[in-house]
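The values are calculated or read from the model by the stated rules, or taken from the named source; none is laboratory data. All of these numbers come straight from a predicted model, not from anything done at the bench. Here the Cβ positions follow ideal geometry from the backbone for every residue, glycine too, while neighbour counts run over all protein chains shown. To get the accessible areas, we keep the full protein, side chains included, count just its heavy atoms, and leave off ligands, DNA and RNA. Shrake-Rupley method; radii C 1.70, N 1.55, O 1.52, S 1.80 Å.
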Amino acid sequence: MDVYGLLGSPVEHSLSPAMHEAGYEAAGIDARYVTCEPEGGAAGVAAAAQLDFDGLNVTVPFKQDVLSAVEPTPRAARVGAVNTVDFSTTPPTGANTDVAGVRRAFDHAGVSLDGVDAVVVGAGGAGRAATAALAESAASVHVANRTVERAETLVDEFRTAFDGAPDGGDGPPATLSAGGLAGLTDAVPDADVLVNATSVGMESDETPVGAELLHADLAVLDAVYTPLETRLLREAAAAGAETVDGAWMLLFQGVEAFELWTEQDAPVDAMNEALRAGLEE
Ligand code: NAP
């Protein structure tokens, strides 16, 4: 039997076990997926290696900490965070499937990120993943954050990490800028893509982006997935925008990890059903 797990703290309410185990069952793979709350990320990876785990997901607060215990993929190194560990290599490989989760969530909705004008609100973990997905698509990305310095730091780091064309060819590189939340008034009306990567909308029916800025040419991803229909997505839909809820991002980071570990296409529908059933509980 294969064994996979999630390192993080807290993880007791995680939907990843249900999502991944639904995937194993649909794919006929004999495997279990467990949650672990280690003292530290690197120590957790070492313990999982000793216990013969096949793969790990990594969540808050260990995504940076595990970097020292793995060989990061180029993408994980650029983003500076690992959320998936693959023990089939020595040393274990550290990947970042949050970035693919953002791109595949938009793909699923029929939205291409290639060369778009984008606004990312938030500069924490989700903001980094969204900005990286967009930078890999040579997008023009404006990162707006409540704490302006945090957005500036992210953009400074990513300007170096994403220097040159995303595919290493002669195409245009991504264009990155940073600012505070007040700058949304100018940036959102001209944008093709908007990502809410803040936690605003989770605790209460609030939105980080005023309804008057939303428009029909916009595709909006809200990383928040509790509730699934946030005020931002409700108001975006009312403005005629394409909307993508946070469960799609969560699903596709899991799908990408499943495919990395098992080297086969993930049963996306079964994983999506289990995830959404868990979110409804
Ligand atoms: P994080 O690293 O702690 O970052 C939180 C972000 O939210 C920061 O940019 C912070 O701004 C901003 N923020 C918090 N409260 C705010 C407020 N009242 N007004 C304006 N901005 C505020 O968290 P994270 O891991 O990026 O997660 C952010 C959200 O994305 C959470 O809801 C999380 O559940 C969700 N998420 C979803 C997925 C998915 O797969 N769908 C994956 C990861 C995260 P400051 O820098 O100014 O504090």
Legend entry - Angle between the chain longest axis and helix 125-135 axis [Cα atoms, degrees, rounded to 10]: 70
Inset, instruction - On each of the three principal axes of the Cα atoms of the stretch 1-153, give max minus min coordinate, whole Å, ordered largest first. - result: 46, 34, 30
Inset, instruction - Compute the acute angle (0 to 90°) between the alpha-carbon long axis of helix 97-108 and the principal axis of greatest extent of the alpha-carbon atoms of the chain; round to the nearest 10°. - result: 60
Inset, instruction - Only Cα pairs under 8 Å and at least 6 apart count here; give the relative contact order of the stretch 1-103 as a rounded whole percent. - result: 26
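Could you check how many percent of all C-alpha pairs in the chain are farther apart than 26 Å?
Within the chain, distances greater than 26 Å cover 41 percent of Cα pairs.
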Legend entry - Rough spin-label spacing in nm, given labels placed 7 Å along Cα→Cβ, for CYS36 and GLU212: 5.3
Legend entry - Max mean-square fluctuation residue, GNM over the chain, Cα-Cα springs under 10 Å, options SER140, SER204, SER112: SER204
Inset, instruction - Place +1 on the Cβ of every Lys and Arg and -1 on the Cβ of every Asp and Glu in the chain, take the dipole about the Cα centre, and give the residue among LEU154, VAL82, HIS215 whose Cα lies farthest towards its positive end. - result: LEU154
Inset, instruction - List the residues whose amide H sits under 5 Å from the amide H of LEU176, counting only those 5 or more places along or on another chain, with H placed 1.01 Å from N in the peptide plane. - result: VAL141
Legend entry - the stretch 171-252: Rg to Rh, with Rh as the Kirkwood radius over Cα pairs: 0.97
Inset, instruction - For the chain, find the longest principal axis of its Cα atoms and tell me its angle to the long axis of helix 268-280, 0 to 90°, nearest 10. - result: 80
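Give me the accessible area per residue for the chain, probe 1.4 Å, as a whole number in Å².
Working: 12440 Å² over 281 residues.
The answer is 44 Å² per residue.
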Inset, instruction - Tabulate in residue order the Karplus-calculated ³J(HN,Hα) for the stretch 149-161, using 6.51 cos²θ - 1.76 cosθ + 1.60 with θ = phi - 60°, rounded to whole Hz; enter x for Gly and Pro. - result: 4, 5, 5, 5, 5, 4, 5, 4, 4, 6, 4, 6, 5
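Which of the chymotrypsin sites (Phe, Trp or Tyr not before Pro) found in the stretch 68-165 are loop residues per DSSP with 13 or fewer other Cβ atoms within 10 Å of their Cβ?
Answer in residue order: no site qualifies.
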Inset, instruction - Report, to the nearest whole %, how much of the accessible area of the stretch 1-157 belongs to carbon and sulfur atoms, 1.4 Å probe, protein only. - result: 48
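Please grab the % of Cα pairs in the stretch 74-168 that end up more than 23 Å from each other.
Values: 1067 of 4465 pairs.
Value for the stretch 74-168: 24 percent of Cα pairs lie more than 23 Å apart.
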Legend entry - Computed over the stretch 100-244, the ratio Rg/Rh where both radii use C-alpha atoms and Rh is Kirkwood: 0.94
Legend entry - Whole-Hz ³J(HN,Hα) from phi, Karplus 6.51 cos²θ - 1.76 cosθ + 1.60, for the stretch 37-50, glycine and proline x: 10, x, 5, x, x, 5, 5, x, 5, 4, 5, 5, 5, 5
Legend entry - Choice from GLY201, GLY94, GLY254 with maximal GNM fluctuation in the chain (Cα, 10 Å cutoff): GLY201
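Using R₀ = 45 Å, calculate the FRET efficiency as 1/(1 + (r/R₀)^6) where r is the Cβ-Cβ separation of ALA77 and ALA238; round to 0.05. Walk me through the numbers on the way to the answer.
On the way: r = 41 Å, r/R0 = 0.91.
Calculated transfer efficiency: 0.65.
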